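Participant: Quick one: the structure is below, and I'll ask about it shortly.
The values are calculated or read from the model by the stated rules, or taken from the named source; none is laboratory data. Since we're looking at a predicted model, the values are computed, not measured. Every residue, glycine among them, receives a Cβ derived from its backbone with ideal geometry; neighbour counts consider all protein chains shown.
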Amino acid sequence: MRTITEAMIVGLIEQAKQSDRQRTIYRLHEHEEPVQRMVNAVMLRTYITPHKHGEPPKVELMSILVGKVAMLQFSDVGQVEEVHILDAKGAVKIVDIAPNTYHSMVALEPSAVLEIIKGPYDPLTHKQFAEWAPLEGDSECATYLKNLEVIISKHMVD
């Protein structure tokens, strides 16, 4: 049996802080395994391009371990349809994302989430990025992320 300790999670969050992308993962699986399992450490200001897992279709599960993140679901044309706050100290702990569902995650504080998704990993088919959102690294990412944060903040007030 393998364990993930609080000290490991703290270390992952520290690695994410030092990363240019402001996130890092700890893989529990090998690339060829049929189920991918990983801990994602994410910081504020990290940008995760909205994407779906459709070809082949994959269900994805995200569970909060530390911190607080917003999980967003988008329509096929980029409208935010759902916002769920996963909070280690709150009521919602897990989201289960259906195949072919555009989604993204926004860190609301330094966080770590457990991700489980069907494998094996193939970089050519794992994610289909939304055509209506900037790709990671594009100059429009910061503005797009700020717009998402505004939508999230309105959701948190409601």
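Participant: Tell me, yes or no, whether the range 107-124 has at least one residue that is crowded, with 17+ Cβ neighbours inside 10 Å, hydroxyl-bearing (Ser, Thr, Tyr), touching a Pro at 6+ places or on another chain (Cβ under 7 Å) and at pLDDT 95 or above.
Facilitator: Within the range 107-124 (the criterion being crowded, with 17+ Cβ neighbours inside 10 Å, hydroxyl-bearing (Ser, Thr, Tyr), touching a Pro at 6+ places or on another chain (Cβ under 7 Å) and at pLDDT 95 or above), the answer is no, since none of the residues qualifies.
Participant: Sticking with this structure for a sec: Quick test for you: out of Val106, Val77, Val83, pick the one residue that is aliphatic (A, V, I, L, M) and either within 21 Å of Gly11 (Cα to Cα) or touching a Phe, Trp or Tyr at 6+ places or on another chain (Cβ under 6 Å) (or both). Explain how you work it out, then say what you get.
Facilitator: Working: Val77 fails: either within 21 Å of Gly11 (Cα to Cα) or touching a Phe, Trp or Tyr at 6+ places or on another chain (Cβ under 6 Å) (or both); Val83 fails: either within 21 Å of Gly11 (Cα to Cα) or touching a Phe, Trp or Tyr at 6+ places or on another chain (Cβ under 6 Å) (or both).
Every option except Val106 fails the conditions.
Participant: Give the residue that is surrounded by the fewest Cβ atoms within 10 Å (Cβ to Cβ), with candidates limited to residues of the range 1-52 that are of a type in the set (A, V, I, L, M, F, W, C) and over 17 Å from Glu109 (Cα atoms). First the steps, then the outcome.
Facilitator: Kept after step one, since they are of a type in the set (A, V, I, L, M, F, W, C), are these residues of the range 1-52: 1, 4, 7-10, 12-13, 16, 25, 28, 35, 38-39, 41-44, 48.
From the residues that got through so far, the ones that are over 17 Å from Glu109 (Cα atoms) too are 1, 4, 7-8, 28, 35, 38.
On the way: Met1: 2, Ile4: 14, Ala7: 8, Met8: 14, Leu28: 16, Val35: 11, Met38: 14.
The residue in question is Met1.
Participant: Now, a different point. For the range 53-69, what are the residues that are in contact (Cβ under 8 Å) with a residue 60 or more places away in the chain and surrounded by fewer than 17 Cβ atoms within 10 Å (Cβ to Cβ)?
Facilitator: Gly54, Glu55, Pro56
Participant: Which residues, counting only those in the range 50-70, are farther than 20 Å from Gln18 by Cα, touching a Leu at 6+ places or on another chain (Cβ under 6 Å) and among the β-branched types (Val, Ile, Thr)?
Facilitator: Ile64
Participant: Evaluate the following for Lys146: is it under 17 Å from the mean Cα position of the chain (by Cα), surrounded by fewer than 18 Cβ atoms within 10 Å (Cβ to Cβ) and part of a helix (DSSP H, G or I)?
Facilitator: yes
Participant: So, one more: Are any residues in the range 108-158 within 29 Å of Gly90 (Cα to Cα) and hydroxyl-bearing (Ser, Thr, Tyr), and if so, which ones?
Facilitator: Ser111, Thr143, Tyr144, Ser153, listed by residue number.
Participant: Hey, another quick one. Out of all the residues in the range 116-139, is one or more among the charged types (D, E, K, R), outside any loop (DSSP other than H, G, I, E, B), farther than 26 Å from Thr3 by Cα and in contact (Cβ under 8 Å) with a residue 40 or more places away in the chain? Walk me through it before giving the result.
Facilitator: Taking the range 116-139 as the starting set, the residues that turn out to be among the charged types (D, E, K, R) are 118, 122, 127, 131, 136, 138.
Right, trim to outside any loop (DSSP other than H, G, I, E, B) and you get 118.
If we keep only those that are farther than 26 Å from Thr3 by Cα too, we end up with none.
No, the range 116-139 contains no residue that is among the charged types (D, E, K, R), outside any loop (DSSP other than H, G, I, E, B), farther than 26 Å from Thr3 by Cα and in contact (Cβ under 8 Å) with a residue 40 or more places away in the chain.
Participant: Can I ask one more? Which of the residues spanning the range 86-103 are within 18 Å of Ile13 (Cβ to Cβ) and small (Gly, Ala, Ser)?
Facilitator: Within the range 86-103, just Ala88 meets the criteria.
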